[in-house]
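What follows is a short report on a single structure.
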Amino acid sequence: MEFLVSENIEKEAALVEAILYLEAGLIDEAAISRISGLSGEAVKAALEKLNERYAAAGSGIEISGIGGGIMISPKREHWEKLKERYGRKNEAKVSRAAMETLSIIAYSQPITRAEIEKIRGVSADNMIRLLLEKELIRETGKKDVPGKPTLYGTTKDFLRLFRLNSIAELPKLSDSDIERFELTGEQIY
């Protein structure tokens, strides 16, 4: 049963809020529409209503767009105080070397193991295996060169961990970092 947007916006917003709460993770607007029986327009209006409600100073939560999906999450200012307890579970288990490898993949994707090693200067096998296990990176295909090495890229879990909607939201690199992440003109297999 579809509610009328203009007359029942509070009910629709409450229904969408309940879905977001129960999903406890990323969900897209089309899925909310299917679950709720609301039109896409009604879902958008409900999300706008929730954003207005959560924008109030007395609210500790907001709707976050992450990797093409949306979810209810703590406001950024509260997250800074809470992430030590609630958000660093995966991050704390990632070593400095794994974070360096993850950064290289995030900024250079798609990228091969050999290319990662060329940038880092050390073997990346263990770090890639660890990041695959944590589902922060994934295989994105094969590079069209002899040997067809595997290409790696980041996942939605990576975006969720760093509260990014897309890779485009990564902090900009300084000139010296850009040089560090660039490979020389030689072919790497």
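At a glance:
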read-out: Fully extended contour minus Cα-Cα distance, from Thr140 to Gln109, at 0.36 nm per residue; value: 10.2 nm
read-out: Cα Rg over Rh - the range 20-132, Kirkwood; value: 1.11
read-out: Amide H contacts of Tyr152 (H built 1.01 Å from N, under 5 Å, at least 5 apart or other chain); value: Ile111, Thr112, Thr140
read-out: Net charge dipole size for the chain [Lys, Arg +1 and Asp, Glu -1 on Cβ; Debye, nearest 20]; value: 720 debye
read-out: Pairs of lysines in the range 51-137 (C-alpha under 21 Å apart; 8 or more residues apart or interchain); value: 8
read-out: Fraction of accessible area attributable to carbon and sulfur, the chain (%, probe 1.4 Å); value: 51 percent
read-out: Residue-averaged [θ]222 nm for the chain, counting only DSSP H segments that reach four residues, each worth -39500 (n - 2.57); value: -15000 deg cm²/dmol
read-out: Solvent-accessible area per residue for the range 12-96 (1.4 angstrom probe, square angstrom); value: 59 Å²
read-out: Simple label model, 7 Å out from Cα along Cβ direction - Ala30 to Ser166, nm; value: 1.7 nm
read-out: Listed values [x] 13.6; [y] 9.7; [z] 10.9, entry calculated as mean projected area of the Cα convex hull in nm²; value: [x]
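The values are calculated or read from the model by the stated rules, or taken from the named source; none is laboratory data. Just so it is clear, the model here is predicted, and its values are computed rather than measured. FYI the Cβ positions are ideal-geometry reconstructions off the backbone, even for glycines, and counts take in every protein chain you see. All accessible areas refer to the heavy atoms of the entire protein, side chains included, with ligands and DNA or RNA removed. Shrake-Rupley method; radii C 1.70, N 1.55, O 1.52, S 1.80 Å.
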